[in-house]
Amino acid sequence: MATIAEAPAANTPVPMFDRNVAIQWGIAGITLLLVVLPLLPVLYQAFLDKPLYDETATLSLSSFSRLVSAPDFAEIVTNTAWFAVGTTIIAQGLGVLGAILIGRTDVPGRAFFGDLLLWPVFLSHLVMAFGFFSMYGPSGYVTLFVQNLIGFEPWNLYTIGGMAVVAGIAQAPLAYLYCIAAASSADPNLEDAARSVGAGTWTVLRSITLPLMRPAIIYGTVMNFVIAIEMLSIPLVFGGPVQIETFTTWLYHKVFMAATPDYALIAAAAFLLLGVVVLLLLLQGRLMRHAGRFVTVGGKATRPRRFPLGKWRWVAFGGLVFYAVFGIVVVLGGLALRSVTVLLTPLLPIWDMFTWQHYEVIFTYPVYIRSIYNTIIIALAVGLIGTFLIALIALVANRSQFRFGRLLEYVAITPRAVPGIIAGIGIFYAMGLFPPLGWLRNTVALLVIAYLMRYLPTGFGAIAPALTQISADLDNSARTMGADWWRVCRSILFKLLKPAMFSCFALLFIMSLKEYVTAVFLFAPGSEVIGTTMLQFWVNGDNGPVSALATIQILITVLFVYGARKLMGVRIYG
């Protein structure tokens, strides 16, 4: 990208204080602090033999040796690997198939399914886990209904395979998102050439369309594998009762279930998890280095022809209906039903079980109301502060002469490799390592900081591409009139970036609304959020209030998504 000279116009006096330089260094400092704050304490604690607040702690590798020699270490690694592999296969299989059917075939109801299949993206894994538990768990409505018909329990989600099915369905929309654009923009000339030599629909799909989607499939595969490794809620809800531990649930139990948490061991495990995620993202970059070979969109406008499915058209339609009904509608609808019933079971009429008591519990006690209020306030704060900060980072990195601009961009996208559980543990440690930050402990502000760090790359991805589409000639024209960098940003670039900033705000709001993993390690009385309150209800066996809170979170999300479309013109995720 062309960069803009910041030399003052001729005859313009050079000020003693350059506000442009001050702003650019200030933004760089805030970004570096946000990213380093959670990472440095984890790395430091991992190489200490005692808690970092212990004055007798010394540098040592003993925590790593204790970790790998732990009797359950090999089993935890194996469980995590199988869970991640299963989740990735199911998510990618469903997502790629959905993208091809909706993006390239004449299956009926494409627009409707395109919107419906995306909905799990807006919801947290915690909500999806409770929804599957209510409908497909051992005492779930659908499970008992089928069991009464066939005489035995039809499935068991309390296994690694069962957890992978739930996680795979929850992650399939992400694979669909990555692949739908690639499927829709495949080069029609290549497909027409194949047809001209007699290739049928399935041959063209297998030999031309699917290989052209390879970059999107590779990207989605690595991202889904990484997300599965750092996933907490689904392994906790379904693996916890039968002692199936993954890396994240092991960390969770070590922090919250131990009388005296072994901080050195926890930090060593977190360091190891961070290392695995970084290696996977590096592998992703290596696999994507030849992605240019798959470029199919050029300057000449083309419109790919949809594949006629013939008699298979309605079979594909039935498959989409089955997935949408049993993977999304039944799960979310069951959650809503459970929130207004004493007990949700096919053995008793639903209307006999009807009650509002779960909502009365939520809206009677201030702590539960506060968790809803805190969630919305945090989401708004992260959306507003994050959008302004990320826009400034993008401007400093791409539209200024700041000497470390490129490095600043790398720092801003670094949190992509930091799982939420590591961010939470790292900031938890930071409160002990940096005493001046102690006033932030147990406050909502600390969660805002943690979420900002976690979702910097997400927001950056919404604004940076839009900035590249704004010509640098506009900056140069303003400079010739004597405007400095900050004046150009305020008067021109911020105004042109408004649509991208609205999208960034919407993305940050949704991400913060459903975030809970980071908050698990940082919340305290007064700073609860919906996710942490749901986990507490679930630990106590109060499934009704869990469903009520999950339904409230879904309603807030629905209202925001449709409000963003109507008021801001933002179509989140597609």
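The values are calculated or read from the model by the stated rules, or taken from the named source; none is laboratory data. Being a predicted model, the structure only gives us computed values, none of them experimental. Glycine also receives a Cβ, built like all others from the backbone with ideal geometry; neighbour counts cover every protein chain displayed. What goes into the accessible areas is simple: the full protein's heavy atoms, side chains included, and nothing from ligands, DNA or RNA. Shrake-Rupley method; radii C 1.70, N 1.55, O 1.52, S 1.80 Å.
Suppose we keep only residues that are over 29 Å from the mean Cα position of the chain (by Cα) and among the charged types (D, E, K, R) within the range 326-374. Which one would you say is surrounded by the most Cβ atoms within 10 Å (Cβ to Cβ)?
360
Looking at the range 74-162, what helices (runs of 4 or more DSSP H) fall wholly within it and have at least 2 residues that are over 30 Å from residue 309 (Cβ atoms) and of a type in the set (Gly, Ala, Ser)?
Here the list reads 125-136.
Taking residue 406, is it open to solvent by 40 Å² or more (accessible area, probe 1.4 Å), modelled with pLDDT under 90 and touching a helix residue (DSSP H, G or I) at 6+ places or on another chain (Cβ under 8 Å)?
In short, yes.
Looking at (1) out of contact with any Cys (no Cβ under 6 Å at 6 or more places or on another chain); (2) farther than 30 Å from residue 353 by Cα; (3) open to solvent by less than 10 Å² (accessible area, probe 1.4 Å), can you tell me which one residue 459 breaks?
Answer for residue 459: the failing condition is (1).
Suppose the filter is crowded, with 23+ Cβ neighbours inside 10 Å and farther than 21 Å from residue 338 by Cα; does residue 128 pass it?
Answer is no for this residue.
Please enumerate the residues belonging to the range 78-91 that are among the aliphatic types (A, V, I, L, M), buried (at least 16 other Cβ atoms within 10 Å of the Cβ) and touching a residue at least 60 places away in the same chain (Cβ under 8 Å).
Once the filter is applied, which keeps residues that are among the aliphatic types (A, V, I, L, M), buried (at least 16 other Cβ atoms within 10 Å of the Cβ) and touching a residue at least 60 places away in the same chain (Cβ under 8 Å), the range 78-91 yields 84, 90, 91.
Given the conditions (1) open to solvent by 10 Å² or more (accessible area, probe 1.4 Å); (2) aliphatic (A, V, I, L, M); (3) touching a residue at least 12 places away in the same chain (Cβ under 8 Å), which single one is not true for residue 107?
Unmet condition: (1).
Tell me which residues, restricted to the range 92-104, are out of contact with any Leu (no Cβ under 7 Å at 6 or more places or on another chain), open to solvent by 20 Å² or more (accessible area, probe 1.4 Å) and closer than 16 Å to residue 328 by Cβ.
Selection gives 94, 97.
Give the residue that is nearest to the chain's Cα centre (by Cα), with candidates limited to residues of the range 471-497 that are within 16 Å of residue 389 (Cβ to Cβ) and in a helix (DSSP H, G or I).
494
Go through the range 46-87 and count every residue that is within 16 Å of residue 266 (Cα to Cα) and of a type in the set (Asp, Glu).
Selection size over the range 46-87: 3.
Output the helices (runs of 4 or more DSSP H) that fall wholly within the range 178-229 and possess 3 or more residues being more than 35 Å from the chain's Cα centre (by Cα) and not aliphatic (A, V, I, L, M), or say none.
188-196
In the range 245-279, which residues are open to solvent by 30 Å² or more (accessible area, probe 1.4 Å) and either at positive phi or outside any helix (DSSP H, G or I) (or both)?
245, 257, 258, 259, 260, 262
Say whether the condition of being buried (at least 19 other Cβ atoms within 10 Å of the Cβ), among the acidic types (Asp, Glu) and under 23 Å from residue 397 (Cβ atoms) is met by at least one residue in the range 462-474.
no
Surrounded by 15 or more Cβ atoms within 10 Å (Cβ to Cβ) and under 24 Å from residue 535 (Cβ atoms) - does that describe any residue in the range 384-397?
Among the residues of the range 384-397, not one is surrounded by 15 or more Cβ atoms within 10 Å (Cβ to Cβ) and under 24 Å from residue 535 (Cβ atoms), which makes the answer no.
Any residue that is modelled with pLDDT of 75 or more, polar (S, T, N, Q) and either open to solvent by 20 Å² or more (accessible area, probe 1.4 Å) or in contact with a Pro (Cβ under 6 Å, 6 or more places away or on another chain) (or both) - is there at least one of those in the range 173-190?
Taking every residue of the range 173-190 in turn, none turns out to be modelled with pLDDT of 75 or more, polar (S, T, N, Q) and either open to solvent by 20 Å² or more (accessible area, probe 1.4 Å) or in contact with a Pro (Cβ under 6 Å, 6 or more places away or on another chain) (or both).
Exactly one condition in (1) open to solvent by less than 80 Å² (accessible area, probe 1.4 Å); (2) at pLDDT below 90 is false for residue 317; which is it?
Going through (1) open to solvent by less than 80 Å² (accessible area, probe 1.4 Å); (2) at pLDDT below 90 one by one, residue 317 breaks only (2).
Just checking, how many residues over the range 438-447 are open to solvent by 20 Å² or more (accessible area, probe 1.4 Å) and either touching a residue at least 60 places away in the same chain (Cβ under 8 Å) or among the aromatic types (Phe, Trp, Tyr) (or both)?
Number satisfying all stated conditions: 5.
For residues that are among the polar types (S, T, N, Q) and in contact with a helix residue (DSSP H, G or I) (Cβ under 8 Å, 6 or more places away or on another chain), tally how many sit in the range 40-56.
Final tally of qualifying residues: 1.
Quick check, is residue 523 in contact (Cβ under 8 Å) with a residue 24 or more places away in the chain, open to solvent by 40 Å² or more (accessible area, probe 1.4 Å) and either not in a helix (DSSP H, G or I) or not hydroxyl-bearing (Ser, Thr, Tyr) (or both)?
yes
Sort through 510, 425 and tell me the only one that's at pLDDT below 85, closer than 30 Å to residue 552 by Cβ and buried (at least 17 other Cβ atoms within 10 Å of the Cβ).
425
Taking the conditions exactly as written (open to solvent by 20 Å² or more (accessible area, probe 1.4 Å), in contact (Cβ under 8 Å) with a residue 12 or more places away in the chain and outside any helix (DSSP H, G or I)), does residue 71 satisfy them or not?
Spelling it out, it is not the case that residue 71 is open to solvent by 20 Å² or more (accessible area, probe 1.4 Å), in contact (Cβ under 8 Å) with a residue 12 or more places away in the chain and outside any helix (DSSP H, G or I).
Using beta carbons and a limit of 9 Å, which pairs, at least six apart or on different chains, have the first residue in the range 304-326 and over 15 Å from residue 98 (Cα atoms) and the second one assigned to a loop (DSSP other than H, G, I, E, B)?
Qualifying pairs under 9 Å: 304/185; 304/186; 304/187; 308/106.
Filter the range 21-68 down to residues that are part of a loop (DSSP other than H, G, I, E, B) and surrounded by 16 or more Cβ atoms within 10 Å (Cβ to Cβ), then give me how many there are.
Residues meeting the conditions: 5.
For residue 547, which of the numbered conditions (1) out of contact with any Phe, Trp or Tyr (no Cβ under 8 Å at 6 or more places or on another chain); (2) surrounded by 23 or more Cβ atoms within 10 Å (Cβ to Cβ) fails to hold?
(1)
For the range 212-229, enumerate the residues that are open to solvent by 40 Å² or more (accessible area, probe 1.4 Å) and either modelled with pLDDT under 80 or of a type outside the set (A, V, I, L, M, F, W, C) (or both).
214, 219, 221, listed by residue number.
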